[in-house]
Amino acid sequence: MDINPVDLDDVTAANDAFYRAFEAADMDAMSDVWEHSDRVTCGHPGWAVLRGWAEVSASWMTLFSGGLPLQFILTDAHVAVAGDAAWVTVNENILSARSGSTVSAINVFVRARSGWTMVAHHGSGVVDTMTGRD
């Protein structure tokens with residue numbers, strides 16, 4: 001199955017917008033990335049799964065109110081598109097004033113009239129298999 005390179009570029013741009021909003025702690029920009037429906041889901045590392053835009057948006061507001069700026073260095077990103085669905089798998093190397101960590105993430109997007117919108121984000125902390133630490 002041939003994948004339209006424009007779709008790959010557009011999904012990559014939507015994924016980049018997600019991380020720009022996250023780094024900037026910009027709730028308006030984060031809201032623009034997501035579909036606002038009951039089918040969206042989000043799993044932050046250490047949190048139970050959240051379902052529906054109300055729970056997901058509340059989680060972003062909580063995270064953004066923490067006041068600790070984060071920087072993301074994304075590595076090993078892979079984009080896949082199948083019709084009107086797409087997903088990005090990526091390692092989030094997260095730096096803050098206090099520490100650094102790596103989270104393995106998957107971001108799921110669907111094609112909408114306005115472009116690709118996020119319907120799911122899941123991040124799991126990566127543990128160093130040599131030391132057992134994250």
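None of the figures in this text is laboratory data; all of them are computed from the coordinates on show. Remember, it's a predicted structure, so these values are computed and weren't measured experimentally. With ideal geometry, Cβ positions are generated from the backbone for all residues, glycine too; neighbour counts draw on all protein chains shown.
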Taking a ≥ b ≥ c as the square roots of the eigenvalues of the Cα gyration tensor, with a/c under 1.5 meaning rounded and otherwise prolate when a/b exceeds b/c and oblate if not, the stretch 5-123 is oblate
Ranked Arg20, Arg113, Arg39, criterion: other C-beta atoms within 10 Å, fewest first: Arg113, Arg39, Arg20
If the only charges are +1 at each Lys and Arg Cβ and -1 at each Asp and Glu Cβ, what is the size of the charge dipole of the chain around the Cα centre, to the nearest 20 debye? 360
Most mobile of Gly43, Gly123, Gly66 per a Gaussian network model of the chain (Cα springs, under 10 Å)? Gly66
Compute the Cα gyration tensor for the stretch 54-134, then decide on rounded, prolate or oblate, letting a ≥ b ≥ c be the square roots of its eigenvalues: rounded whenever a/c is under 1.5, prolate when a/b is larger than b/c in the other cases, and oblate in all that remain. oblate
Going from the fewest other Cβ atoms within 10 Å to the most, one would list Met61, Met118 as Met61, Met118
Can you put Asp84, Asp26 in order, fewest other beta carbons within 10 Å first? Asp84, Asp26
